[in-house]
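Notes for the one structure printed next.
Only the coordinates and a few stated rules stand behind these numbers; no lab work does. Note that the structure is predicted; figures quoted are calculated from it, not measured. Here the Cβ positions follow ideal geometry from the backbone for every residue, glycine too, while neighbour counts run over all protein chains shown.
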Amino acid sequence: MDQEQRPEGRRKSRKHYSSEFKRSVIDQWITSGKTAAQIAQEFGVNFWNLRDWKRQYGPTVKPVDAPLPKTSEEMSREIQQLRKELARITMKRDILKKTMGILSEE
């Protein structure tokens, strides 16, 4: 509906999400292996929001020779993030192995 057709003073209000919610949605997206469209529909958010939130809250790629975290909290956070990423990558690898096994049988 155009703004011209809406009664005066009745504009569509924007939804505001907490940073905690945004982080949890991005974490779910990264760990689940689902597409952005699936996650957006599941959480009732716009696909474009996910893209922006991932830039803001998603994991950042660090070079191999990056300095180690200084505090134990930072180290724990990084270890937890790396474990999640390892689990996701391991799952993808296992799926690919099974797929290759099935295709090679044919």
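Quick notes on this one:
- Shown here are the Rg and Dmax of the Cα trace of the stretch 32-89, at 14.3, 39 Å.
- The stretch 16-58 - charge dipole about Cα centre, Lys and Arg +1 at Cβ, Asp and Glu -1, debye rounded to 20: 140 debye
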